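Just so you know, all these numbers are worked out from the coordinates, no wet-lab data involved. Only a predicted model underlies this, so the values are computations on that prediction, with no experimental measurement involved. So basically every Cβ, Gly included, is an ideal-geometry build from the backbone, and we count neighbours across all protein chains shown.
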Amino acid sequence: MNEILSDTMDLKIIESKSQLISNYSYMVPPFLPIDPTNSRKTISLTRYIADSLKVMDTMFIKNQFIDNKKLNLNRLSDYGYKIFDYKTIVENKVPEDSIWKLVDSLNKGTENYSFLKISKPVFNENKSLAYIRLEQGSGGDSYILEKVDGKWTKKYHLAMWVE
């Protein structure tokens with residue numbers, strides 16, 4: 001998993017090293033796509049990711065949501081990125097207006113206005129594909145990454161959203 005983090009520089013997923021990156025990766029699921037077999041319903045996030053990664057067993061995906069607790073976003077500081085200790089803020093139940101005052105002060109002198117949240121990646125069985133989401137402010141992106149010659153590359157930009 002840390003390979004994905006170290007390759008984010010080459011992927012241009014994180015645009016600037018001055019961007020604040022949350023060390024807390026919880027995110028709500030995105031708006032779900034329409035089921036191609038029935039336009040009146042959506043498919044589940046698990047099914048969506050499984051289909052995107054070409055995984056037949058949705059339990060394989062569900063188990064990653066349960067088991068994938070080892071991603072350490074603080075490691076991005078090893079590559080020169082600025083980490084925003086959002087995990088401590090969440091744990092201490094800091095009021096939202098105080099969070100934004102802190103974010104504004106940390107972003108002073110940059111073009112940044114918020115902080116970036118990165119989801120924990122979900123992999124296919126042979127770990128050659130990964131699903132990952134990024135959220136900043138009121139929007140974000142979903143990607144499928146592919147491991148090519150030992151490096152993660154963007155295979156698909158699945159979705160961009162604004163809430």
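Give, in nm to one decimal, the length gained when the segment between Ser98 and Tyr79 is fully stretched (0.36 nm per residue of separation minus the Cα-Cα distance).
Working: separation 19, 0.36 × 19 = 6.84 nm, distance 2.81 nm.
Residue separation times 0.36 nm, minus the Cα-Cα distance, leaves 4.0 nm.
Look at where the Cα atoms of segment 40-74 and of segment 88-163 average out, and the two centres are 17 Å apart.
Take each peptide in 126-136, 78-88, 105-115, count the other Cβ atoms within 10 Å of every residue, and average; sorted highest first, the result is 126-136, 78-88, 105-115. Under a 5 Å amide H cut-off, with hydrogens placed 1.01 Å from N, Ile14 pairs with nothing among residues at least 5 apart or on other chains. If R0 is taken as 25 Å, the Cβ-Cβ distance between Val90 and Phe65 corresponds to a FRET efficiency of 0.85. A simple spin-label model places the labels of Ser18 and Tyr156 3.5 nm from each other, with each point 7 Å out along Cα-to-Cβ.
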